[in-house]
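The values are calculated or read from the model by the stated rules, or taken from the named source; none is laboratory data. Only a predicted model underlies this, so the values are computations on that prediction, with no experimental measurement involved. Cβ: placed from backbone, ideal geometry, glycine included. Neighbour counts: every protein chain shown.
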Amino acid sequence: MIRGHSIPMPPFTRHRPRAFTLVEAITTIVIIAIVSTISATLVRGGMNVYDSAATRAELSDRLSVAMDRITTELRTMDQTGSTGSNQASISALTTSSITFTASGATRTISLSGTNLLLSGSLVASAVLAPDITTFSLLGFDSTNTALPASPSAPQIATLRRIQITISATRNGITETLRTKVFIRELASGSGAP
């Protein structure tokens, strides 16, 4: 201030709180929507991967349990013939079922619809595995030659190995297990490998 003269001060202006403009509000909403969409996509992708892995693991577990049960049943089948010429007591073998005798009782393992079943004369029908799409059997003789799809009784007498394939599908995911079972008389040393 100069003595005697005063400099005029600008008129008092009130500062109003500034609000968002419509453009700023819409821009913020769009950015939040984009971030939310990307986040949801990442979370959904992770959930899908988890669901697929869980389904695959469950199918694999079911097939493993069924395969263990089948191989146990086949290894306990009775033998026919004299001591030097033991043969497995298989009465029928097709590409999708096997009928044999174990502990004097007839048993059949076959696919019925989508259920893999174990049934027999002294055994109540039991579901070995659900959701089965493929159950196939293939027999091999002592020279590892595949037997025909429905072998005759003399051909069944040459049977030494059975290849088992089981596939299951659920929610678009398929799991397959395959193994070869050596018939019991081989373990006791009466047959050629």
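Within the set Arg62, Arg44, the sole residue that is of a type in the set (Lys, Arg), in a helix (DSSP H, G or I), out of contact with any Gly (no Cβ under 8 Å at 6 or more places or on another chain) and surrounded by 16 or more Cβ atoms within 10 Å (Cβ to Cβ) turns out to be Arg62. Only residues that are surrounded by 15 or more Cβ atoms within 10 Å (Cβ to Cβ) and in contact with a Ser or Thr (Cβ under 6 Å, 6 or more places away or on another chain): list them for the stretch 138-155, please. Of everything in the stretch 138-155, just one residue is surrounded by 15 or more Cβ atoms within 10 Å (Cβ to Cβ) and in contact with a Ser or Thr (Cβ under 6 Å, 6 or more places away or on another chain), namely Asp141. A Cβ distance below 9 Å, combined with a sequence gap of six or more or placement on separate chains, defines the contacts here; from the stretch 26-53, residues that are on the phi < 0 side of the Ramachandran plot reach residues that are among the polar types (S, T, N, Q) and not in a helix (DSSP H, G or I) in the pairs Asp51/Asn171; Ser52/Asn171. Among the residues of the stretch 114-137, the ones that are free of Cβ contacts under 8 Å to residues at least 40 places away in the same chain, surrounded by fewer than 17 Cβ atoms within 10 Å (Cβ to Cβ) and under 20 Å from the mean Cα position of the chain (by Cα) come to 4 in all. When the residues of the stretch 79-113 are filtered to those that are crowded, with 17+ Cβ neighbours inside 10 Å and in a loop (DSSP other than H, G, I, E, B), which remaining residue is modelled with the highest pLDDT? Applying the filter and picking the extreme gives Ser89.
Say we look at the stretch 21-41 and pick out the residues that are surrounded by 10 or more Cβ atoms within 10 Å (Cβ to Cβ) and modelled with pLDDT under 90; which of these is nearest to the chain's Cα centre (by Cα)? So the residue we want is Ala25. Within the stretch 160-176, the set of residues being surrounded by 18 or more Cβ atoms within 10 Å (Cβ to Cβ) and either among the hydrophobic types (A, V, I, L, M, F, W, C) or under 16 Å from Leu128 (Cβ atoms) (or both) comprises Ile162, Ile164, Ile166, Ala168, Glu175.
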